Amino acid sequence: MTPSVPTASAASTDDDLLRLAIDVAREAGAFVVDARRSGVEVADRKSSPVDVVTQVDRDSEALIRARLRAARPLDGFFGEEGGRGASESGLTWVVDPIDGTVNFLYGIPHYAISIGVVAGEPDPQSWEAVAGVVLNPVTGELFTARRGGGAHLDGRPIRVADAVPLAEALVFTGFAYSAQTRAEQGVAIAQLLPRVRDLRRLGTASLDLCSVAAGRANAYFERTLSPWDHAAGALIAREAGAVVKGFGDRRPDREFLLAAHPEAVDELERLLVEVGA
Ligand code: LIP
């Protein structure tokens, strides 16, 4: 799906939405980093014993939702930690208050505040991404994009790396919270490794997508992602020149997400299907 070119007034609205997302992400980022200093523990387990949530995830989502609602009360909300609100404006905020929660829990400085805003239902199969922010609150790196406006890192334009042969591709990926799915992914990874330059598993989907956008990775793929994991990052990767897709002609969904250079994506998808990724 090629990003739409908004009209001037739509672009300014999109810029306003982006500025709001940046301000809120920065405030949530400061809160999360500060909260980490006073120690963090597991508050609950979700889809599996290793799919954990902390009270800081929940508090970050509550903060983000309150700020967005105060600024734009008619917009909808769709957050990882259960925040839901129907839209009366046609726009919905899709939020991961801490993407990379396991990294956050272990104190690995590679997690993010991910805030995207979409037109339409908060469903990746039909939504139109309007603006997105991915902030690593520890490093301060701020990835941003709005539809038709290109992608930026700390305000500077970013582009995907030039296409390379698969054997030289540095590929990012991730594994599911389900042990059964991880077993399958392990088998596929063993076959994929000798066919690419190397793999990286850094633990934060939104930052993995931004790594493709910034040319730090040649590709990223993952199964079992939720809409909040890619709502902002996929737009940033697309605006940087990547193709972000699901299997075949599907859009990204829980089954599969692949992001890569347009000249490399089809061959990589064939390889991933072949190894059963
Ligand atoms: C995480 C993703 C990561 C994936 C994990 C999990 P969370 O999101 O960012 O790419 O491998 O299984 O889905 O749960 O930290 O928001």
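Just so you know, all these numbers are worked out from the coordinates, no wet-lab data involved. Keep in mind it's a predicted model, so treat the numbers as computed, not measured. Reconstructed Cβ throughout: ideal geometry from the backbone, glycine too, with neighbour counts over all protein chains shown.
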**OP:** Please enumerate the residues belonging to the stretch 145-195 that are over 18 Å from Phe256 (Cβ atoms), β-branched (Val, Ile, Thr) and surrounded by 17 or more Cβ atoms within 10 Å (Cβ to Cβ).
**Re:** Ile158, Val160
Original post:
Taking into account only those residues within the stretch 196-224 that are part of a helix (DSSP H, G or I) and more than 20 Å from Pro262 (Cβ to Cβ), which is farthest from the ligand (Cβ to nearest atom)?
Top reply: Leu207
Original post:
Taking the stretch 40-70 on its own, how many of its residues are among the β-branched types (Val, Ile, Thr) and out of contact with any Ser or Thr (no Cβ under 8 Å at 6 or more places or on another chain)?
Top reply: 3
Subject >> Matching residues, the stretch 54-77, being in a strand (DSSP E or B) and of a type in the set (S, T, N, Q) >> reply: Thr54
Original post:
Within the stretch 31-42, is there a residue that is touching a helix residue (DSSP H, G or I) at 6+ places or on another chain (Cβ under 9 Å), farther than 23 Å from Leu142 by Cβ and surrounded by fewer than 16 Cβ atoms within 10 Å (Cβ to Cβ)?
Top reply: yes
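Might you check whether a residue that is of a type outside the set (Val, Ile, Thr) and free of Cβ contacts under 8 Å to residues at least 40 places away in the same chain occurs anywhere in the stretch 230-245?
yes
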Original post:
Is there a residue in the stretch 9-20 that is surrounded by 15 or more Cβ atoms within 10 Å (Cβ to Cβ) and within 16 Å of the ligand (Cβ to nearest atom)?
Top reply: no
Subject >> Residue in the stretch 82-135 that is nearest to the ligand (Cβ to nearest atom), counting only those that are in a loop (DSSP other than H, G, I, E, B) and touching a Leu at 6+ places or on another chain (Cβ under 6 Å) >> reply: His110
